[in-house]
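The values are calculated or read from the model by the stated rules, or taken from the named source; none is laboratory data. Because the structure is a prediction, the values reported are computed rather than measured. As a convention, Cβ positions derive from the backbone with ideal geometry for all residues, glycine included, and neighbour counts pool all protein chains shown.
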């Protein structure tokens, strides 16, 4: 009698995740025409695919892990594979929960270096930014912060280090400089390429102005409303923000 598909998938999932062995799978589903030895290869092929995604996606985090301890990345990646099951059809989405996985381990097990968490976040947020849809219509007047535009403040020089590792200019086992940095990350509306911007304070105020145009704008010493407008236009030119009609001055400030 043929095994119903629902039963087959119910039992194959834990088998491919290496939570159930070949003997138990054969007992539940019947013998494989390819034989037990070949059947046993499939969980290993799935594991290798998952590991390949993690190693590629988090190359810079892996570099720092190796600098901290030679086996740290291997241990983290294999623990992630055992504990986290894919939940999306697109393979790269398997990397999405690495940050929350590592963050949870910080509370219960040996903490990983802060730079590793930051590099993991930077890797995923760039991917998320490239997939995010830009708001249209009335919503385009805002900054789309947290939707298509992401702001990150790191305690290390994360962008330069990550891009250098991924480009082959930094060796595995190196570390990023412990220097704080703030970046805006998004896909350009003009070129559709990734933009990584080091914003000035006036640029951050421009984002605030976009999302709360009626609210008082508190300007820091040395920054004028004209500076905010100029930074807004610079972000429009990069494709970070959508163009607006003339921004009207508020609270007595003039362009």
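Between 162, 133, 129, which is in a helix (DSSP H, G or I) and closer than 22 Å to residue 210 by Cα?
Numbers: 162 fails: closer than 22 Å to residue 210 by Cα; 133 fails: in a helix (DSSP H, G or I).
Within the list 162, 133, 129, the selection yields 129.
Please go through (1) within 15 Å of the chain's Cα centre (by Cα); (2) within 21 Å of residue 56 (Cβ to Cβ) for residue 174 and return the number of the only condition it doesn't satisfy.
Single failed check for residue 174: (1).
Report the residue count in segment 77-113 for those that are modelled with pLDDT of 95 or more, over 15 Å from the mean Cα position of the chain (by Cα) and within 21 Å of residue 156 (Cα to Cα).
Counting residues in segment 77-113 that are modelled with pLDDT of 95 or more, over 15 Å from the mean Cα position of the chain (by Cα) and within 21 Å of residue 156 (Cα to Cα) gives 0.
Look at segment 136-159 and say how many of its residues are part of a strand (DSSP E or B) and modelled with pLDDT of 95 or more.
Pass one, segment 136-159, residues part of a strand (DSSP E or B): 145, 149-154.
With modelled with pLDDT of 95 or more added as a condition, the list becomes 149-154.
Selection size over segment 136-159: 6.
Can you find even one residue in segment 35-42 that is modelled with pLDDT under 90 and either outside any helix (DSSP H, G or I) or within 13 Å of residue 120 (Cβ to Cβ) (or both)? If you could, list the steps in order and put the result at the bottom.
Looking only at segment 35-42, we keep the residues that are modelled with pLDDT under 90, and these are 35-42.
From the residues that got through so far, the ones that are either outside any helix (DSSP H, G or I) or within 13 Å of residue 120 (Cβ to Cβ) (or both) too are 35, 40.
Scanning segment 35-42, I find at least one residue that is modelled with pLDDT under 90 and either outside any helix (DSSP H, G or I) or within 13 Å of residue 120 (Cβ to Cβ) (or both), so the answer is yes.
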